[in-house]
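Q: Dropping a structure here in structure tokens format, bear with me for questions.
The values are calculated or read from the model by the stated rules, or taken from the named source; none is laboratory data. Please read all numbers here as calculations on a predicted model, not as lab measurements. Please note: Cβ atoms are built from the backbone with ideal geometry, for glycine as well, and neighbour counts cover all protein chains shown.
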Amino acid sequence: MIDLILIIFFVFVFSYIFYKLGKYKKEVEWKDKLQKLRLDIADKQRAGIKGKVTEMFAPYLKDFPYKASECKFLGDPIDYVVFEGLDERDIKGIHFLDVKADSSELKKHQRQIRDIIEQKGNIGFKTFRFKTSSKH
């Protein structure tokens, strides 16, 4: 009887020890993952900020294909609308331009915009008029 009690006691003690060890191991893993996650988030935020700043100053970079004064920044979904010839008040072309670093790819909606423009699809010019006074 005492042997059975001792066996049960040791099984309980070892189970408790292994439970605590497993819990400690998971906690250490979680803390390590959390630290890596925080660093990854910070890196992505820095990259995003750097990208936005670069997009805004791209017209002033060497080899930029258009005059900065003819570029109108949108930011999203496309970075710029370029009115080629605007400085001379003789518009020769209108270009939608997105700034990308190195081998960065266009996002799906940016590709859709590009495709519509290249296909001369559903593009138009509209004027929205609003009333400045109301007559009662």
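Q: Would you call residue 114 under 23 Å from the mean Cα position of the chain (by Cα), at pLDDT 90 or above and basic (Lys, Arg)?
A: Criteria met by residue 114.
Q: Just for region 57-78: of the residues that are closer than 14 Å to residue 100 by Cβ and hydrophobic (A, V, I, L, M, F, W, C), which one is nearest to the chain's Cα centre (by Cα)?
A: 78
Q: Only residues that are free of Cβ contacts under 8 Å to residues at least 12 places away in the same chain and over 17 Å from the mean Cα position of the chain (by Cα): list them for region 85-111, please.
A: Those that are free of Cβ contacts under 8 Å to residues at least 12 places away in the same chain and over 17 Å from the mean Cα position of the chain (by Cα): 88, 89, 90, 91, 92, 93.
Q: Could you check region 93-105 and list, in sequence order, the residues that are closer than 16 Å to residue 81 by Cβ and either surrounded by 14 or more Cβ atoms within 10 Å (Cβ to Cβ) or touching a helix residue (DSSP H, G or I) at 6+ places or on another chain (Cβ under 7 Å) (or both)?
A: 94, 95, 96, 97, 98, 99
Q: With the condition being out of contact with any Leu (no Cβ under 9 Å at 6 or more places or on another chain), I'd like the strands (runs of 3 or more DSSP E) fully within region 23-136 carrying at least 3 qualifying residues.
A: Once the strands (runs of 3 or more DSSP E) in region 23-136 are filtered for at least 3 residues that are out of contact with any Leu (no Cβ under 9 Å at 6 or more places or on another chain), what remains is 93-97.
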